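Visitor: Can you keep this structure in mind? I'll have questions shortly.
The values are calculated or read from the model by the stated rules, or taken from the named source; none is laboratory data. This one's a predicted model, so the numbers in the text were calculated from it and none came from an experiment. Here the Cβ positions follow ideal geometry from the backbone for every residue, glycine too, while neighbour counts run over all protein chains shown.
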Amino acid sequence: MAKILIVGTAWPYRGGMAVYNERLALSLVEEGHNVEIETFTLQYPSILFPGKTQLANWEYQGDVEIRRSINSINPFNWLKVGRRIKKIRYDFVIIPFWLPFMGPCFGSIARIIRKNKHSILLSVIHNAKPHEPRIGDKIFTKWFVKSVQGFVVMSNKVLEDLKTFEAFKPIAISPHPLYDNFGTFINKNDALDKIGLSPAFKYVLFFGLIRDYKGLDLLLDAFADQRLKELGVKLIVAGEFYSSSEKYYNQIKALNIEDRVHVFPAFIPDTEVNRYFGACDIVVQPYKNATQSGVTQIAYHFEKPMIVTNVGGLGEIVPHGKVGYVVDVDSKAIANALVDFYTNKTHNGFITGILDEKKKYSWDKMAKTVFKLYESIEKI
């Protein structure tokens, strides 16, 4: 049994990264290890946070100890936290990395912990390069990458990006596990009733935080296709806007599709995610760039076919023709895939493929990958 610490976002913070870290902790506990999480007192300064709130409005349901101690912008805090963790002498510390902004904080804490000559420092790299680049990204990421001893990545795209910063340290690859903690399955009629929509129509889902790189504009353009109107297909957009909402509402109006697009412009609590996936027939991720996506793994959990664009690692995770469609970053291609889905009734075939494909994405596989990486470094 190893004594493990995860350093990163977790409850009371919300969002996919927090969910990932909590679920990874649970999977390591299930493997017999002693796991704790060290999270933030301040994650992002409010001036840098595009959403309404960083905090969850629900209680933590797990039993992994979560301590709030890290201030992401205070170097004196990094010294204090790093020194305390160094003294505890965890067998290994996992620092998930998703954003260059966190590089100085996490890289500094990691360097201090390593001074105990006992703890192995690992990172699960979600993104080595950000979707929306900013000045300083390369310097911050390099500072972090140089501070740890090994990495786990979840797609070949991230592997390629990481190797531009670090080509020689051990790197393991394991696909993004399923998000299986968003409640039970709900049948379509019940789900539609819960979100106030009519069962008389077919529904497509765009889910998650809305940023420009996620291509909602392409999906809206696709919905202007007359064929989808004639098929009785409507769009559910469920997620908080992290970029200007006005341009999307203006686009909906300009395309004259107001009666076929239902926008739920808020962060969807964990306890309500199943409603939106239950209500839809297919999930669309029309991203303009990507690495991998947690939305894909939620769709797998709820056994929903998918349409993804051929960017980043999405095509690795969604085999074309087996669980859905991989299309060009183009509104016409998205519309054609949707028309094919509804006219050729490919749903049942995709469900069979999903049931087979989702077996690859287990949390115990991720936990074992992390632990084997630790063991390989420990023996060096």
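Visitor: Identify all residues within region 318-338 that are among the aliphatic types (A, V, I, L, M) and either free of Cβ contacts under 8 Å to residues at least 40 places away in the same chain or surrounded by fewer than 16 Cβ atoms within 10 Å (Cβ to Cβ) (or both); write none if there are none.
Guide: Taking region 318-338 first, the residues among the aliphatic types (A, V, I, L, M) are 318, 323, 326-327, 329, 333-335, 337-338.
Those that are among the aliphatic types (A, V, I, L, M) and either free of Cβ contacts under 8 Å to residues at least 40 places away in the same chain or surrounded by fewer than 16 Cβ atoms within 10 Å (Cβ to Cβ) (or both): Val318, Val323, Val326, Val327, Val329, Ala333, Ala337.
Visitor: I've got another one for you. Hey, among Asp330, Asp356, Asp340, which residue is under 21 Å from Ile210 (Cα atoms) and more than 19 Å from the chain's Cα centre (by Cα)?
Guide: Asp330
Visitor: Return a yes/no flag: does region 30-38 have any residue that is assigned by TED's automatic domain parsing to the domain that holds Glu132, exposed (fewer than 14 other Cβ atoms within 10 Å of the Cβ) and in contact (Cβ under 8 Å) with a residue 60 or more places away in the chain.
Guide: Initial filter on region 30-38 (assigned by TED's automatic domain parsing to the domain that holds Glu132): 30-38.
Now narrow it down to the ones that are exposed (fewer than 14 other Cβ atoms within 10 Å of the Cβ): 30, 32.
Next, only the ones that are in contact (Cβ under 8 Å) with a residue 60 or more places away in the chain stay: 30.
So far as region 30-38 goes, yes, one or more of its residues are assigned by TED's automatic domain parsing to the domain that holds Glu132, exposed (fewer than 14 other Cβ atoms within 10 Å of the Cβ) and in contact (Cβ under 8 Å) with a residue 60 or more places away in the chain.
Visitor: Between Leu5, Leu79, Leu28, which is assigned to a strand (DSSP E or B), out of contact with any Pro (no Cβ under 9 Å at 6 or more places or on another chain) and farther than 23 Å from Ile268 by Cβ? Before you say what the answer is, go through the steps one by one.
Guide: Values: Leu79 fails: assigned to a strand (DSSP E or B); Leu28 fails: assigned to a strand (DSSP E or B).
The unique qualifying residue is Leu5.
Visitor: Inside region 225-246, can you point out the residues that are touching a residue at least 12 places away in the same chain (Cβ under 8 Å) and not in a loop (DSSP other than H, G, I, E, B)?
Guide: Arg227, Leu228, Lys229, Val233, Lys234, Leu235, Ile236, Val237, Ala238, Phe241, listed by residue number.
Visitor: Return the pairs, sorted by first residue and then second, in which the second residue is charged (D, E, K, R) and not in a loop (DSSP other than H, G, I, E, B), the first residue lies in region 62-90 and is over 14 Å from Ile109 (Cα atoms) and without any contact (Cβ under 8 Å) to a residue 60 or more places away in the chain, the beta carbons are less than 6 Å apart, and the residues are 6+ apart or on different chains.
Guide: Going by the 6 Å Cβ cut-off, the qualifying pairs are Gly62/Glu22; Glu65/Glu36; Arg67/Glu38.
Visitor: Same structure, new question: Considering only residues that are closer than 26 Å to Arg211 by Cα and in contact with an Asp or Glu (Cβ under 7 Å, 6 or more places away or on another chain), which ones fall in region 20-51?
Guide: Step one: list which residues in region 20-51 are closer than 26 Å to Arg211 by Cα, which gives 20-24, 39-51.
Answer for region 20-51, where residues must be closer than 26 Å to Arg211 by Cα and in contact with an Asp or Glu (Cβ under 7 Å, 6 or more places away or on another chain): just Gly51.
Visitor: Mind counting the residues in region 101-137 that are within 17 Å of the chain's Cα centre (by Cα) and of a type in the set (Ser, Thr, Tyr)?
Guide: 1
Visitor: Which one is surrounded by the most Cβ atoms within 10 Å (Cβ to Cβ) among residues in region 101-123 that are in contact with a helix residue (DSSP H, G or I) (Cβ under 7 Å, 6 or more places away or on another chain) and farther than 20 Å from Tyr44 by Cα?
Guide: Ile113
Visitor: Starting from residues that are under 17 Å from Ile113 (Cα atoms) and of a type in the set (Ser, Thr, Tyr), keep the ones in region 45-82 and report whichever is surrounded by the most Cβ atoms within 10 Å (Cβ to Cβ).
Guide: Ranking the candidates gives Ser72 first.
Visitor: On to the next question. May I ask you to verify whether Tyr90 is of a type in the set (Phe, Trp, Tyr), buried (at least 16 other Cβ atoms within 10 Å of the Cβ) and modelled with pLDDT under 95? Steps first, answer last, please.
Guide: Details: of a type in the set (Phe, Trp, Tyr): yes; buried (at least 16 other Cβ atoms within 10 Å of the Cβ): yes; modelled with pLDDT under 95: no.
The answer is no for Tyr90.
Visitor: Related question: Condition first: out of contact with any Leu (no Cβ under 7 Å at 6 or more places or on another chain), part of a strand (DSSP E or B) and closer than 22 Å to Gln292 by Cα. Can you find one or more residues in region 202-210 that meet it?
Guide: Yes: one or more hits.
Visitor: In region 283-294, which residues are among the aliphatic types (A, V, I, L, M) and either without any contact (Cβ under 8 Å) to a residue 24 or more places away in the chain or touching a His at 6+ places or on another chain (Cβ under 8 Å) (or both)? Walk me through it before giving the result.
Guide: Step one: of region 283-294, the residues among the aliphatic types (A, V, I, L, M) are 283-284, 290.
Scanning region 283-294 gives a single hit, Ala290.
Every residue, every condition in (1) in contact with an Asp or Glu (Cβ under 9 Å, 6 or more places away or on another chain); (2) modelled with pLDDT of 95 or more, yes or no:
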site: Ile94; (1), (2): no, yes
site: Arg111; (1), (2): no, yes
site: Lys115; (1), (2): no, yes
site: Val124; (1), (2): no, yes
site: Pro130; (1), (2): yes, no
site: Ile135; (1), (2): no, no
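Visitor: Looking at Gly232, Gly196, Gly215, can you tell me which residue is surrounded by 15 or more Cβ atoms within 10 Å (Cβ to Cβ) and on the phi > 0 side of the Ramachandran plot? Spell out the reasoning first.
Guide: Values: Gly232 fails: surrounded by 15 or more Cβ atoms within 10 Å (Cβ to Cβ); Gly196 fails: surrounded by 15 or more Cβ atoms within 10 Å (Cβ to Cβ).
Just a single option satisfies the conditions, and that option is Gly215.
Visitor: Which count do you get for residues in region 38-61 that are more than 22 Å from Pro104 (Cα to Cα) and not in a loop (DSSP other than H, G, I, E, B)? Before you say what the answer is, go through the steps one by one.
Guide: From region 38-61, those more than 22 Å from Pro104 (Cα to Cα) are 51-53, 55-61; that's our starting set.
Among the residues that remain, those that are also not in a loop (DSSP other than H, G, I, E, B) are: 55.
The qualifying residues number 1.
Visitor: Can you tell me which residues in region 28-63 are closer than 19 Å to Ser123 by Cβ and out of contact with any Lys or Arg (no Cβ under 9 Å at 6 or more places or on another chain)?
Guide: Leu28, Gln43
Visitor: Now for a separate question. So Gly315 fits all but one of (1) closer than 30 Å to Gln149 by Cβ; (2) crowded, with 17+ Cβ neighbours inside 10 Å; what number is the exception?
Guide: (1)
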